[in-house]
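A quick write-up on the structure given underneath.
The values are calculated or read from the model by the stated rules, or taken from the named source; none is laboratory data. The model shown is predicted, which means the values in this text are computed figures rather than measured ones. Cβ: placed from backbone, ideal geometry, glycine included. Neighbour counts: every protein chain shown.
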Amino acid sequence: MHSIAFTTGMPYSKAQAERVRRMLAGRRGVTEKEMFGGIAFLLGGNMCVGVHGEDLIVRVEPGQTATLLREPRAKPFSLSARPGMPGWLLVGPSGYKTDAALKGWIARDAAYFASDDRENHRPGPAPLFADQKTWFLRSALPSR
């Protein structure tokens, strides 16, 4: 007789999701949704960053994919046997271990969302992390 073991809980790291959540705290238009077997943080209904297992899911300018795959612990994001799509990356935990490294990946992600290269051309950029001169959508910032 075979027994089947069921696991409870989500397959993504809640600790890593909380780190991302803290980085995005106070930004308008950011919502959360469980998808891809993980959790995604959406901006205006579009996924901008997420956590899958222990890995960070990031969206970047598709033309930068090959360059960014050379970053520590970066790999193509694919949930099937097919190759990953340009513009989607997974970053292993040691690649975003520090808050500065996590902020850097989220900033790259945010820069893509603020760019004219996106399919959904959004309003111009506004600062997310002023100290890094990185850009995010105006709609993601708290109102003043």
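Filtering Gly45, Gly29, Gly37, Gly84 for residues that are closer than 18 Å to Ala107 by Cα, of a type in the set (Gly, Ala, Ser), at pLDDT below 90 and more than 13 Å from the chain's Cα centre (by Cα) leaves a single hit, Gly29. Among the residues of the range 54-109, those that are more than 14 Å from Arg19 (Cα to Cα), in a loop (DSSP other than H, G, I, E, B) and either in contact with a helix residue (DSSP H, G or I) (Cβ under 9 Å, 6 or more places away or on another chain) or of a type in the set (Asp, Glu) (or both) comprise Val60, Glu61, Glu71, Pro72, Arg73, Gly84, Met85, Pro86, Gly87. Whenever a residue of the range 54-71 is buried (at least 16 other Cβ atoms within 10 Å of the Cβ), its partners that are among the charged types (D, E, K, R), lying with C-beta atoms within less than 7 angstrom and at least six residues away or across chains, give the pairs Val58/Arg108; Val58/Asp109; Arg59/Asp109; Val60/Arg108; Val60/Asp109; Glu61/Asp117.
Which of the residues spanning the range 27-77 are in contact with an Asp or Glu (Cβ under 8 Å, 6 or more places away or on another chain) and among the aliphatic types (A, V, I, L, M)? Answer for the range 27-77, where residues must be in contact with an Asp or Glu (Cβ under 8 Å, 6 or more places away or on another chain) and among the aliphatic types (A, V, I, L, M): Ile39, Ala40, Leu42, Val49, Val58, Val60. Of the set (1) surrounded by 15 or more Cβ atoms within 10 Å (Cβ to Cβ); (2) closer than 14 Å to Ala17 by Cα; (3) among the acidic types (Asp, Glu), all apply to Glu32 but (1).
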